[in-house]
Structures are given as structure tokens and as C-alpha cells.
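K.L.:
Please read through the structure below; I'll follow up with questions.
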Amino acid sequence: MLLHIGLDDTDSPEGGCTTYVAALLAERLLALGAEFADYPTLLRLNPNTPWKTRGNASVCLRFHLDEARQGDAKKAMLQLVDTYGEFWCDNTNPGVVFHFGEVPQEVKEFSDRTVKQIVSLSEAEALIERHGMAAVGWKNRRGIIGALAAVGGTLEGDHTYEVLTYRAPENWGQERRVDAETVRRMDHALGDATFNNVDEEGHPLITPHGPDPVLYGVRGETADAVYRALTLVKALEPVERWMIYRSNQGTDAHFGAPVKVRELKPFNPAVVDAKVVSSPETLQGGHVIFRASDDSGEVDCAAYEPTGSFRHIVWALIPGDILRVYAGVRELEDRLTLNIEKMEVIGLADDVGYMNPRCPECGGSMESMGQGQGYRCKKCGHRDRGLVKVPFSKPRDLKPGVYLPDRDAHRHLTKPLERCGREKKYAPSPMIDGWIGFPTRSP
Ligand SMILES: [Zn+2]
């Protein structure tokens, strides 16, 4: 019997990680005799949710297990949440969902909406009841939403893989020790088979900065590729365990079809086709902001300081430029702002400048004789009251194309440029032997 266990929201800003609890569970399930039907699902949910703890990740494990052992599997799950859940944090409200058999279509659709919008707990609970699933929620039970979304996140379209390695508990909270040179060499050796390993200057991006148990994670196109990365990166501290996930990271799964400015909703991701209507301005802190409009309204668009050199692209915009903006919608003092995650420059406006006319007699340069007074030739002295400034097109410091913030400012769901055109159709591949490992727990 195929069993799915979805899990969400056990972490807090001060520690923990839902994926770590899932990795511990996977080990216990293997000990119970479980046969995994797929890689664990690592599903990133709507990154603009106000209730998220950190990365807004939920996880689902899918496996076959003897009916006699299924009670033990459930018990193990609940015990792990009790032990590792960061219950003290207001925003930590763990949820677990158990489901037997195939995943119902409407649960898959619910999952897709949880990535793209804000969904309600009552919606999730209605689905759970209708399909006879079991769910356990702690505190305000909000984690049930993500847990159900993970169950429905069967990733039948585009997907990527990530190997996550975890630290020995005694090192949690300490500085992470990974040989940076081996990260650069791995990045070079694996080419486009993995992504976002290093930033524009070659500094490793694979280690998180928080107090969570993750040592590093490598994202890529196949399980083989991220497993190879694991063998190439040298950790300078013990790796307690690793697990390879199949994920919607790096797929732009949070973006749907373009919407009108009038239809924007706070906390949702949005794609908007719009025209620039004001020149970009730099605010305190280095944030860059401009106004854009479509036939339904106007909205602020912002590129924040951490987006780095992306702001040079934004600075080069002028009124009249045509854009497709990919953003998170934020509401500040009753005004909606598009927090830009990605931008396609579709059309460039003519940047018109005006210069003094040339002398009609000798071709020399002319100077103004005053407002509306015409021009006088500096070379031959010819005067002409009828002459006016001459328009010309200034060269644009911008080309049409797709632009992203610096890599360290990417959202987990942001599709890197090198993935464009490499999107996968669902093609389940057999699980590789090294999908899970426990290096420091040898028997
Ligand atoms: Zn002249």
C-alpha cells in the first residue's frame, strides 16, 4: 500500500528544519522496511506568505510499507515533530497529513494554488475530510496547509533535485565549514547540471546562514548530478546524513499567467505586463523604485538593495519601456508594490534628446539667442529666428531580454536563466542507491 506523509512548519527563525525532520523519518521508515516510491518531495510554497517561518518549505515522503507497520510509521512521525518542532515560536504551527493510495487530482490542484496564492486552512481541512485522509495539527494547525500541499506536490511537470547534507547536532549554530575551493571545482566540473552553487564572484552559495541543521545543499537537474556534487564537495566537519529531494525549486512554479494591475492581491506572486511611466528613483538604503501601468491602473515596482547589480538594469529604464514584471505583491500603507524577482524587457522606448541646430549657411555649430529667439552661428555669425532645437535618439544602455537579481538574492523558486529551455516533462526515473546516507552513523 502506497503511503504519503506530508509535513510542514516545524522550524523557526532560531533553528530546526522541516527537511531534517523528514530525513530522520526516512531513516526510521527504512528501518521499518519501507520501500520508497519516489524521492522525497521538497515543495516550496508561496514565498510571499506572511506566516512563513523561513524558506516556506514543506516535505512529503511516499513509500510502500506493510500494513502491520503503518501504525509504527505514524507514531515515528508524531514523535519526531514533538522532539524537533520549534513550538515556542508563534509562527511555528506544525502539521502532518497521512494519505493512502493515489493522490487525488483536486489535492494536486490545491497544491498548485498553495504555491501560487494564499489558501485557507478550512479549504485544506475540507479536502482532507473529503478524501478520508488523516491529519494532525499543532497549535493553530496552519502547518496542515503545507503538509497537504506537499502530498499533492507530485511534480508531474518541471522539477529539479537537491541534495541536502545535515550537520552533527554538536555543530548546530556554529560557523559552517566547507572547503570553498572544492565548491568552485564542483561547479565547474558539473556545468549546467547543477545551479546556483557560487555567486557572481565565485563565493559559495550552497551553505545557508541560519542556525538550522543544514550544512549545505546542491541543486541540479538530476539526482545523479547532485549526488556527484556530494562526492566532489569537501566538508570540513562531519556530515551526519544526507538526502536527495525532488523539488519545485528553480522552476518559477509560483508564477501563473499575467494579471492586470487592478487584479493584484497582496501576498501573491504576480506576473504583470506593464509600461514604465516614471523614471527610476533611488531611495535611502539603495532601493530603486519606479511606476508602471497597464490599461487598468498604476503600481510601484521596486528592486531592493540586495538584488545587487540587477538595479543597474532597473536604473536604465525610461518611461515608455515595455516590461513583463515577475514579482511578489506587497502592501505598504495602502499602496501595492511589486517586489521584482525577475524582469523581461520587451520593448525599448525611443530616448529622445534635443540639440542645437547646425548653421544652414556654413554647417557650423549654433548658439541660442535666448528663449524663443532663434539661433546664431558661432562660426559665420548667421542669425535665424525661425530655428528650433533638433530631436535625436540617444543610444540606450539596455537590451531587450530577461534579467534576474544577483544569485544570492534569488528566491528558492526563481528559475535561473540557465534553466530556461531545459524544463522537464514528468519522466520518473528509478531512485539511485545514494539518495540517502548516514556517514557518521555506521552500524
Ligand atoms: Zn554659419
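K.L.:
For region 308-324, which residues satisfy the criterion of being open to solvent by 10 Å² or more (accessible area, probe 1.4 Å) and either more than 21 Å from C420 (Cβ to Cβ) or not in a strand (DSSP E or B) (or both)?
P.N.:
G308, S309, R311, H312, I313, W315, A316, I318, P319, G320
K.L.:
Then there's this: Can you list residue pairs whose Cβ atoms sit under 7 Å apart, with the first residue in region 285-313 being at positive phi and the second being in a helix (DSSP H, G or I)? Count only pairs 6 or more apart in sequence or on different chains.
P.N.:
As it stands, the answer is G285/E305; G286/E305; G297/V261; G297/R262; G308/A409, since those pairs meet every condition given.
K.L.:
Picking from S120, S58, which residue would you name as being of a type in the set (S, T, Y), modelled with pLDDT of 90 or more and buried (at least 22 other Cβ atoms within 10 Å of the Cβ)?
P.N.:
Going through S120, S58 in turn, just one is of a type in the set (S, T, Y), modelled with pLDDT of 90 or more and buried (at least 22 other Cβ atoms within 10 Å of the Cβ): S58.
K.L.:
Which of the numbered conditions does L25 fail, given that it passes all the others? Conditions: (1) over 23 Å from Y216 (Cα atoms); (2) buried (at least 21 other Cβ atoms within 10 Å of the Cβ); (3) out of contact with any strand residue (DSSP E or B) (no Cβ under 6 Å at 6 or more places or on another chain); (4) at pLDDT 90 or above.
P.N.:
Here L25 meets the rest and fails (1).
K.L.:
Taking region 395-406 as the region of interest, how many residues are touching a strand residue (DSSP E or B) at 6+ places or on another chain (Cβ under 8 Å), closer than 24 Å to N196 by Cβ and surrounded by 13 or more Cβ atoms within 10 Å (Cβ to Cβ)?
P.N.:
Adding up the residues that qualify gives 4.
K.L.:
Here is a follow-up. Being open to solvent by less than 30 Å² (accessible area, probe 1.4 Å) and in a strand (DSSP E or B) narrows it down to one of D273, D300, so name that one.
P.N.:
Unique residue meeting the criteria: D300.
K.L.:
Scan region 379-394 for residues that are touching a Cys at 6+ places or on another chain (Cβ under 8 Å) and open to solvent by 80 Å² or more (accessible area, probe 1.4 Å) and report the count.
P.N.:
2
K.L.:
I've got another one for you. So which of R167, R185, R219 is open to solvent by 40 Å² or more (accessible area, probe 1.4 Å), in contact (Cβ under 8 Å) with a residue 24 or more places away in the chain and within 23 Å of A23 (Cα to Cα)?
P.N.:
Residue meeting the stated conditions: R219.
K.L.:
Now for a different question. For region 104-116, which positions are open to solvent by 20 Å² or more (accessible area, probe 1.4 Å) and either in contact with a strand residue (DSSP E or B) (Cβ under 8 Å, 6 or more places away or on another chain) or small (G, A, S) (or both)?
P.N.:
K116 - this is the single residue of region 104-116 that is open to solvent by 20 Å² or more (accessible area, probe 1.4 Å) and either in contact with a strand residue (DSSP E or B) (Cβ under 8 Å, 6 or more places away or on another chain) or small (G, A, S) (or both).
K.L.:
Name the residues in region 188-209 that are under 23 Å from C420 (Cα atoms), open to solvent by 30 Å² or more (accessible area, probe 1.4 Å) and assigned to a loop (DSSP other than H, G, I, E, B), would you?
P.N.:
Matches in region 188-209: N196, E200, E201, L205.
K.L.:
Tell me which residues, restricted to region 103-119, are part of a helix (DSSP H, G or I) and either touching a residue at least 24 places away in the same chain (Cβ under 8 Å) or charged (D, E, K, R) (or both).
P.N.:
Hits for region 103-119 are E106, V107, K108, E109, F110, S111, D112, R113, T114, V115, K116.
K.L.:
Report, by residue number, each residue of region 1-22 that is over 15 Å from W172 (Cβ atoms) and open to solvent by 20 Å² or more (accessible area, probe 1.4 Å).
P.N.:
M1, L2
K.L.:
Here's another thing I want to ask about it. Would you list the strands (runs of 3 or more DSSP E) that sit entirely within region 325-373 and hold 1 or more residues that are polar (S, T, N, Q), within 16 Å of the ligand (Cβ to nearest atom) and in contact (Cβ under 8 Å) with a residue 12 or more places away in the chain?
P.N.:
Hits in region 325-373: 366-368.
K.L.:
Here's a follow-up. Is it true that V352 is open to solvent by 40 Å² or more (accessible area, probe 1.4 Å) and under 30 Å from D273 (Cβ atoms)?
P.N.:
Yes, satisfied.
The values are calculated or read from the model by the stated rules, or taken from the named source; none is laboratory data. These numbers come from a predicted model, not from an experiment. When we count neighbours, we look across all protein chains shown, and the Cβ atoms used for this are built from the backbone with ideal geometry, even at glycine. Keep in mind that these areas ignore ligands, DNA and RNA; they rest on the heavy atoms of the full protein, side chains included. Shrake-Rupley method; radii C 1.70, N 1.55, O 1.52, S 1.80 Å.
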